[in-house]
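The values are calculated or read from the model by the stated rules, or taken from the named source; none is laboratory data. Being a predicted model, the structure only gives us computed values, none of them experimental. A quick note on method: Cβ atoms are made from the backbone with ideal geometry, for glycine too, and the neighbour counts reach across all protein chains shown. Areas reflect the complete protein model, heavy atoms only, side chains present, ligands, DNA and RNA absent. Shrake-Rupley method; radii C 1.70, N 1.55, O 1.52, S 1.80 Å.
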Amino acid sequence: MTVLSASERFVESVGPIVVKEVRQGLRAKVFAIFFGSLLVVCLSMALVAVAQATEAAGTAFGKDFFGGYLTALGAVTFFVIPFVAFRSMVRELEDETWVLLTLTGLGANSIVRGKWVSAMSQALLFGSACAPFVLFSYFLNGIDIVQVVTALVLATGWSALLTSIGVAVATQAQSKLGRTIAHFVVLGLLGLGTMAGIAFAWVIAEEGHRLVTNDAFRNFAIGAGVFSWGLTWLMLESAAAGLALPSEAASRGPRIAYVIVGLLGLAFGLAVFLLEKGRPKDAVAGQVITSFFFTIAGAFCVSEADGWPRQAATGSWLKPGAARSFWLAVVMLFLSALMWGLLIGDYTVSNDGNADGRAFRGTMAAFAFPTLYLSLGVLMGRLTPLRHLSEPVATRVGFILSVVVGVVASMALSLVFEGSARGREMNALNPLVGLFNFIDRSGSELNSAIVLLGAVTLMAVFLAAVVLHARDEVRSS
Amino acid sequence: MSALLEVKGLTRYYGALKAVDDITFSLPAGTILGFIGPNGAGKSTTMRIIATLDVPTSGEVLLDGKSLVARPDQARPLLGYMPDRYGTYDDMTVFEFLDFFARAYRLRGNERKARVDSVMDFTGLMPLKDKLTSELSKGMKQRVALGRTLLHDPKLLILDEPADGLDPRARIELRELLRALASQGKAVLISSHILTELSEICDTCAIIEQGHLLATGTVQEVLSRTSNAAAFSEVELTLWAGAGMPLEEIARKTERLLLEQPLVTNVSVLNNALRFRLELAVGATPASGWVEEASVRVLKVLVNAEIPVTSFRTREHDLEDAFMSVTKGRVQ
Ligand SMILES: Nc1ncnc2c1ncn2[C@@H]1O[C@H](COP(=O)(O)OP(=O)(O)O)[C@@H](O)[C@H]1O
Ligand SMILES: [Mg+2]
């Protein structure tokens, strides 16, 4: 299979949706309004810049105007476009037109990708409308071309990720209530994402010279760039799985993306750690970040939709069924703990065996907490009244509830028995305070606490696995 | 030749609810099968499974001899599905809508143009080509939806409640379209909770309730099987007002006479028309032709009493009666 034929097939399968979205999009008023306003904003900023530049020649205004343009562009491409993509997907679900699309043979993947590609082409259109102005700020001095390129590349990735999030959230909401909630969720996520994106744009505008001088800053930029695309892929796969019919195998794509993006993340973490000669506390930070990722992505993986086609079995790890997804999430979490643990061990050995107990403990805790709470989520979703909800929703709500209960109950108990909400014993199972205690504090109570955490986690994993396997067996018989 | 569509022991649970329970039927090419049952009977669920949108808990569906449960991807090119909501995009014109789906069905260039044109021709949408679908009447919207299902020239059409909410003219036009499609050799599966909608459209029918299939066969078969089994029949007669006596008096006299006759119940008077019901006693087994016999007897009595009867009509048995008699006691 050549690259050419693959790209041809891509265009062929994505094509119809893009054609349709563009037809619909150009007819929509939203597009014209935002396109017009963006141009007006850019133009007025340019006029102000020219006026200032002629008044005080030689001063470097570039930074401010660069930041200004990025803010305007960011508001549109980080917020408006992802939200329009979300709405468009929601409407497809409300009117059940996606079902008809699936019947044409397009498949959930093509539908989701089509939405995303057409949203991104609109973003590109906005971007190119702004591009001359961004270049103009370059001529105002104060920024260099590395900053301009970095900002645009990162902004593209960030917009891609937020758009994929918009599409993915829409596909997770199958009921009316779900869609109402999804609106709030997506507005919240996009709001935060837009603020973060614009804030980072200003950092690049003001401090962008450090891209060349500061390794950590550069690594962060590279990491953010790579991972926005990795996460975009994972989001699109989850969206396709969320959209897939019961008659289609949905677990394949997200699992592959989950593993590859996860391994990529670990490899990136490893590279940075080795290059920067990381210390144990850096490894713990790395472990917390990677297991956070595996937890969030895992919470989606372990809660698969009902039903699957009988022929879906293709390779045992890709077979559908929440049990396999659950084990996959546990294994990925374990791999992460293993890698960071080994790095801490290696550091300890090469630095005269002065074992860093806290770092080890923190790493183990950052493995145990997600595993424990994913299992509790599964158990809550299956064994409590939550089971009346649709399965994915039940598990995710179960996960969130058990985290909230875990945090609140532990802190309350700790306040009563240890006289402080941050006590070491009562917070053994607290995924926030407990994790912080294990990483940051010392004391012999923590040793028994980690043993308790380990034992409870093992038990929970065992029970969750039993429940999931039993259910998968019923379903595939 | 075996049937185009074969449904065998189809069952679908939603949690503890058995939405479809062990349904078996077949549909040969060139025929129209009416799927009849009240709301919540399991029609849509069955149709969605046949349309490969859902999977059965157990049972099998063969399309052209191949399992569509095992290979939905291979079955999809052979079937066209129209959901109970028609699923059109509001902000697209009729042409754009059909063109988009033709693209989705991988029709390219001139082939696509020809196909879209022929579908618009067939459904009579040509004059509305450039209208937004949101501006169309319900009947027209539904034709757009029907046109969409025809783009890839499927062998089986699955239409979920297509006649629902249509005015009589649109309904008659729909019937003509479906007849034409059947004569082209397409198999059509069509559902409704309103029975009269279907009795004129379909060749065979299947009556479904609470997930169970209660009766299947040609419309004639189901009718004759159930009309013999029916325990009552409605009769309507009209009187001549110019017979000398005041109309009210004749009507009262007729009513009295009727009520004296065996099997007659529920007499009602409306101007010059009277309605009544011929009804067997509870528990009596209906013998074939009992309605005709009783009618003749009643009419003879009226004529002998010199009642000026100008018309006397037992209402024909249609699917509605069939449905009522088959589902008697099960629907609340
Ligand atoms: N997705 C679903 N989840 C749970 N129950 C459902 C679902 N779809 C249909 N049902 C139930 O299955 C039964 C049959 O529904 P349906 O097939 O839509 O009936 P009909 O089309 O004959 O009106 C109804 O009781 C309905 O409430
Ligand atoms: Mg229905």
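Annotations for the structure displayed:
- In a reduced charge model with +1 at each Lys and Arg Cβ and -1 at each Asp and Glu Cβ, the protein assembly as shown shows a dipole moment near 760 debye about its Cα centre.
- The length gained by stretching the chain between residue A:388 and residue A:465 to full extension, at 0.36 nm per residue less their Cα-Cα distance, is 25.7 nm.
- Of the solvent-accessible surface of the protein assembly as shown, computed with a 1.4 Å probe over protein heavy atoms with every protein chain present, carbon and sulfur atoms account for 64 percent.
- Under a model in which nothing but the beta-carbon of Lys, Arg (+1) and Asp, Glu (-1) is charged, the stretch B:231-316 shows a dipole of about 40 debye around its Cα centre.
- Basic side chains Lys and Arg get +1 at the Cβ, acidic Asp and Glu get -1 at the Cβ, and with that the dipole of the stretch A:360-477 about its Cα centre reaches some 160 debye.
- The distance between label points at residue A:267 and residue A:26 comes to 4.1 nm (points 7 Å beyond Cα on the Cα→Cβ vector).
- Those aspartates and glutamates that a straight Cα-Cα span of less than 16 Å connects to residue A:281, excepting residues fewer than 8 apart in one chain: A:346, A:356, A:440
- Charge-dipole axis of the protein assembly as shown as Lys and Arg at +1 and Asp and Glu at -1 on Cβ define it, positive-most pick from A:233, A:222, B:123: A:222
- A probe of 1.4 angstrom, applied to the heavy atoms of all protein chains, finds residue B:167 with accessible area near 90 square angstrom.
- If you plug the beta carbon distance of residue A:138 and residue B:179 into 1/(1 + (r/R0)^6) with R0 = 51 Å, you get a FRET efficiency near 0.15.
- With R₀ set to 51 Å, the beta-carbon distance separating residue A:179 from residue B:268 gives a calculated FRET efficiency near 0.50.
- Amide H contacts under 5 Å for residue B:51: none, restricted to partners 5 or more places along the chain or on a different chain, H placed in the peptide plane at 1.01 Å from N.
- Net +/- balance of residues flanking residue B:166 in space, Cβ distance below 15 Å, scoring K and R +1, D and E -1: -2
- Rough spin-label spacing in nm, given labels placed 7 Å along Cα→Cβ, for residue A:55 and residue A:260: 5.4 nm
- Model label sites at residue A:279 and residue B:60, defined 7 Å from Cα along the beta-carbon direction, differ in position by 7.0 nm.
- Cα pair count fraction exceeding 41 Å, expressed as % - chain A: 27 percent
- Among beta bridges that DSSP assigns inside the protein assembly as shown, antiparallel share in %, nearest 5: 70 percent
- Per residue, the Cα convex hull of the stretch A:14-245 amounts to 110 Å³.
- Legend: distances between Cα atoms for A:115/B:131; A:20/B:129; B:66/B:186; B:8/B:66; A:29/A:115; B:18/B:186; pairs beyond 22 Å are A:115/B:131; B:18/B:186.
- Quotient of C-alpha Rg and 2.2 N^0.38 Å, computed over the protein assembly as shown: 1.25
- Sparse packing (at most 13 other Cβ atoms within 10 Å of the Cβ) combined with a DSSP loop state is found for the following GluC sites (Glu not before Pro) in the stretch B:239-311: B:306.
- Pairwise burial A:B, computed as accessible area of each alone minus the pair, summed, 1.4 Å, Å²: 3000 Å²
- Listed residues A:186, A:365, A:152: farthest to the positive end of the dipole of the protein assembly as shown (Cβ charges): A:365
- Legend: residues in the stretch A:97-125 shielded by at least 20 square angstrom of accessible surface upon adding the remaining protein chains to the isolated chain (1.4 Å probe, heavy atoms) are A:97, A:99, A:100, A:101, A:103, A:104, A:105, A:106.
- Chain B - Rg over Rh from alpha carbon coordinates, Kirkwood radius: 1.09
- Among complete DSSP H helices in chain A, those whose alpha-carbon atoms stretch at least 20 Å along the helix's long axis and whose mean Kyte-Doolittle hydropathy reaches 0.5 are A:29-55, A:107-139, A:145-172, A:176-207, A:215-243, A:252-275, A:280-301, A:322-350, A:357-383, A:391-418, A:445-476.
- Equivalent ellipsoid, the stretch A:323-407 (semi-axes from 5 times Cα gyration tensor eigenvalues, Å): 35, 13, 6
- In this structure, residue B:249 and residue B:303 have a Cβ-Cβ separation that, at R0 = 22 Å, corresponds to a calculated FRET efficiency of about 0.75.
- Computed over every Cα-Cα pair of the stretch B:118-159 and binned at 10 Å starting from 0, the pair-distance distribution P(r) comes out as 30, 55, 15, 0 percent.
- Think of chain A as a dipole: +1 on every Lys or Arg Cβ, -1 on every Asp or Glu Cβ, centred on the Cα centre; then among A:442, A:420, A:458, A:458 lies furthest on the positive end.
- Proximal aspartates and glutamates relative to residue B:155, as straight alpha-carbon distance under 16 Å, when same-chain residues fewer than 8 apart are discounted: B:6, B:64, B:73
- Measuring max minus min along each principal axis, the C-alpha atoms of the stretch B:231-316 give extents of 43, 22, 18 Å (largest first).
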